[in-house]
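To keep things clear, I will list the structure first and then write my remarks on it.
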Amino acid sequence: MHFQIDTSDAPWHPFWPFTWKEAQDAGLDFFSAINAGLGKEKGEAVTINPLKYVQTYMDSSATYTAAVPSVSVTPSEPISATTASSYVPPASGSGTSVSTETASTTSTPPPENTSQAPVLNVDFNVNDTYYVGENTDFTVLLKDQYGKPFVNGFIGEMIISSTNGNFTSNSSIVNFLQFESGAKFKTGMKDLHEGKDKIKVIVNGQTYYSKQLQIADRVYI
């Protein structure tokens, strides 16, 4: 289970403290960057310690006060101790996102028409028909809600598989560092069996499907 509380100062939600490019610039792969604590200060600046939060609000009469590092995170300013101490948890089931601001907090409102933070979607370049023993390439594409390449990365691993069991992906478990420029990952199929199928991708706890494809055994006369 992953338990994370972001503040409203986080530039996107859920907040992740480094991008794929930042890891590359530091000469680290995805897991090495995690082990090295890349971006740890950013994470501490825009998140609330969930264990302290739970321990505090087990007693509903207690007041939560967090020690907040003086670290700035572009494009937002760091949270203050005053803001953190005024945190009020949302009502259960309300669907309200966690925020450290109250009605009395004075801050400059964001400009109108501000673009939303990129949201990960998965698309595919897939043929309508594949033939046993012939080229079986397909491409997984990461895109944001505007159809542009999603370059912010994803947490953990992506699982690529068949929906109906008519093939096995050549690369069944991949991470973001394996994606080429433009957020593309090209692979193929093996162990093909005739029938209709779809490519299934699981990433960040979400499942995505390609269009339906046909696997056939070409007949030569």
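Computed from the coordinates by the stated procedures, all read-outs in this text should not be read as laboratory data. On a predicted model such as this, the values are computed, not experimentally measured, just so you know. Ideal geometry is used to build each Cβ from the backbone, glycine not excepted, and the neighbour counts take in all protein chains shown.
Computing FRET efficiency as 1/(1 + (r/R0)^6) for residue 13 and residue 129, where r is the C-beta to C-beta distance and R0 is 35 Å, gives about 0.30. Cross-link partners of residue 52 among lysines, defined as those whose alpha carbon lies under 24 angstrom from its own and excluding same-chain residues fewer than eight positions apart: 40, 42. In whole Å, how far is the Cα centre of the range 117-158 from that of the range 13-33? That distance is 20 Å. Of the residues 217, 9, the one with the fewest other Cβ atoms within 10 Å heads the list, and the complete ranking is 217, 9. With neighbours defined as other Cβ atoms within 10 Å of a residue's Cβ, the residues 177, 192 order from fewest to most as 177, 192. Summarising the label geometry, the points placed 7 Å from Cα in the beta-carbon direction at residue 2 and residue 24 lie 2.2 nm from one another.
Applied to the range 124-133, the Karplus parametrisation 6.51 cos²θ - 1.76 cosθ + 1.60 on θ = phi - 60° returns per-residue 3J(HN,Hα) values of 9, 9, 9, 6, 6, 9, 10, 10, 4, x Hz, with x for Gly and Pro.
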